[in-house]
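The values are calculated or read from the model by the stated rules, or taken from the named source; none is laboratory data. Remember, it's a predicted structure, so these values are computed and weren't measured experimentally. Reconstructed Cβ throughout: ideal geometry from the backbone, glycine too, with neighbour counts over all protein chains shown.
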Amino acid sequence: LYIPTGFAHGFQTQDDETRVNYLISEFHVPGAADGIRHDDPAFNLKWPLPVSEISDRDLNWPRFRN
């Protein structure tokens, strides 16, 4: 799966043993990442399953603002 720079993305698996590996276009810089909440009402995303596990960082992104 190719995800271009600046493209929002998220993953939901249906198996507890799933592993996701990905590469990024730059070296990792702690604190430089940005994100949006999985449940942000601005996007009205419908996940196939209830979200059962999510990192604290991803859970605490601020709401999207135009």
Practice problem: Take the stretch 1-37 and flag every residue that is exposed (fewer than 10 other Cβ atoms within 10 Å of the Cβ) and among the hydroxyl-bearing types (Ser, Thr, Tyr). | Solution: Tyr2, Thr5, Thr18, Tyr22, Ser25
Practice problem: State whether one or more residues within the stretch 22-30 are of a type outside the set (Ser, Thr, Tyr), at negative phi and under 12 Å from the mean Cα position of the chain (by Cα). | Solution: no
Quiz item: Given the conditions (1) assigned to a loop (DSSP other than H, G, I, E, B); (2) surrounded by 11 or more Cβ atoms within 10 Å (Cβ to Cβ), and given that Asp58 satisfies all but one, which numbered condition is not satisfied?
Solution: (1)
Exercise. Would you check which residues across the stretch 48-66 are at pLDDT 90 or above and among the polar types (S, T, N, Q) and list them?
Key: Asn60
